[in-house]
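We did not get these values from a lab; they are worked out from the coordinates using the rules stated. Just so it is clear, the structure is predicted and the values come from calculations on it, not from any experiment. Cβ: placed from backbone, ideal geometry, glycine included. Neighbour counts: every protein chain shown.
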Amino acid sequence: MTLYLDNAASSHPKPEPVYQAADEALRNIGANPGRSGHQLAIKADQIIAKTRRLLARLFDIDDPRRIIFTANATEAITWG
């Protein structure tokens, strides 16, 4: 199995599931997680929580809350 982690915003083409997930989020959710308690904000938060759990399992991280999402690598290193 190949694990390719350098699929940044400028890379092309993206894997089809990336296009599908982005399209789904933009068309049907479009809310900011953690900013409100309405249904779509909660749905967005659930997606992020699930993603954290999946990444924690992939990288053998005990606590998914230790995973953060940043805009880019430069921003990420400031969290280190």
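Odds and ends about this structure:
- Spin-label model, D23 to Q39: label points 7 Å out along the Cα-to-beta-carbon direction sit 2.3 nm apart.
- Taken over the stretch 36-80, the ratio of Cα radius of gyration to 2.2 N^0.38 Å equals 1.33.
- When shorter helices are ignored and each DSSP H run of at least 4 residues is given -39500 (n - 2.57), the per-residue value for the chain at 222 nm works out to -16000 deg cm²/dmol.
- Here the stretch 36-80 is treated with +1 on each Lys and Arg Cβ and -1 on each Asp and Glu Cβ, and its dipole about the Cα centre works out to around 180 debye.
- A Stokes-Einstein calculation at 37 °C with viscosity 0.692 mPa s, built on the Kirkwood radius of the chain over Cα pairs, returns a diffusion coefficient of 225 µm²/s.
- The value of relative contact order for the stretch 24-80, using C-alpha pairs under 8 Å at least six residues apart, is 18 percent.
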